[in-house]
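Right, one structure below, let's go through it.
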Amino acid sequence: MKNREGRRLNGEAEEDDEDEDDLNGGLEAWERSYADDRSWEALQEDESGLLRPIDNSAIYHAQYRRRLRARSLSANASRIQKGLIRYLYIVIDLSRAASEMDFRPSRMAVVAKNVEAFVREFFDQNPLSQIGLVTIKDGVAHCLTDLGGSPESHIKALMGKLECSGDASLQNALDLTQALLNQIPSYGHREVLILYSALSTCDPGNIMETIQQCKKSKIRCSVIGLSAEMFVCKHLCHETGGSYSVALDESHFKELILEHAPPPPAIAEFAIANLIKMGFPQRAAESSTSICSCHKEAKVGVGYTCPRCKARVCELPTECRICGLQLVSSPHLARSYHHLFPIAPFDEVPPSNLNDPHIRSQKTCFGCQQTLLNLGNKPGLCVACPKCKKYFCLECDIYIHESLHNCPGCESFRHLKPVAAGEE
């Protein structure tokens, strides 16, 4: 009897072990600890045959410079008009497909994190533009936030509504965004960015007619897919002049969504130059109390006063709810200037130049003053401005083109006083 009971218990234990193996994908405990990190993919063999960590910074910088050169070539091919005043609706798919875990921890979590980064980057590069959020779930499109210039309000609203359910309806999302963007003035550039997780769309009517309506309304629609490519998404982007791409992993998705932060070229048939009336409101006194025209409630010492109708608004840029005047600040206009005259990409410097005795002063980065030599006085990667010929490290190269938008070497030459010919 005891032997039978022991065999039965052993059999149950073996069945439990098999169930655990099925849940864990048939991996041993030591294999599961490495399957999550896949640390071996971050190694490469050096010249001596030893394994060394991959220099991700150099790879990232090479990808960055390729995008920068492609953007520069397209801009220099012809005079391209860009839309500096953009009205963008981000459509986020929160159907049950967003709960898939092929993106870790889930598609929804990855999309929410990268949308937060995109919203901050968008307002940093487009200070005169506005964003609104739309979600899709249960076959219905919901307007999560109206068009506005406050990144914190959009992020707070999104983080409070992260729930997945039902099917996705691309047509309902396009109908809603079209109705909202039709109210935008003619000088504003209307855009829709769709982050789509599903492989199908549950529509109440003919989506092809909706796509043609978006085209007539001058709405540029772009789609980033998190699953396989879909014909209807590709057709939508082709008809409206947008771009369609499918993310391979989280890093690729982040790269794709951040490409939509800079203002895109205006569509040729819709690129019409207009003069826009703008007002520069004054900041309200800290002790003053007035009713905000945005939220219809009394606020103390917060907001700006419209120079035309004296109405109070909470944030800039915005459109006055009373008189319709576009309200901006002078720093907003100054920050939009670099899109019209971007800095040319820097040239890569051959490593042999750093060991040249005739250019000893160029062994340090002109921006951060750090050495450009690696361990053992081996020359590292660096770039040089084609105008002032100053050398910069990789980090300063990215900072100058993405944030500063001015070359420190060229700016230093502008402020130098002329030196007499005899003084050398």
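The values are calculated or read from the model by the stated rules, or taken from the named source; none is laboratory data. The shown structure was predicted, so the numbers you read here are calculated from the model rather than taken from an experiment. Using ideal geometry, Cβ is built from the backbone for each residue, glycine included, and neighbour counts are taken over all protein chains shown. For accessibility, only protein heavy atoms count, side chains too; no ligands or nucleic acids. Shrake-Rupley method; radii C 1.70, N 1.55, O 1.52, S 1.80 Å.
Some notes on this structure:
- Subset of LYS156/LYS296; LYS113/LYS215; LYS156/LYS299; LYS234/LYS254; LYS137/LYS254; LYS254/LYS387 violating a 26 Å alpha-carbon distance limit: LYS113/LYS215; LYS254/LYS387
- Interchain or long-range residues, amide H under 5 Å from CYS309's placed H: none
- When the residues CYS221, CYS323 are ordered by accessible surface, computed with a 1.4 Å probe over the protein chains alone, the sequence from largest down reads CYS323, CYS221.
- Label point of LYS161 set 7 angstrom out along Cα-Cβ; within segment 124-143, amide nitrogens under 18 Å from it belong to 130-143.
- Difference of contour (0.36 nm per residue) and Cα-Cα distance, HIS405 to GLU259: 50.8 nm
- Residues within the reach of a label modelled at SER330 (point 7 angstrom out along Cα to beta-carbon, backbone nitrogen below 19 Å), restricted to segment 274-290, are 277-285.
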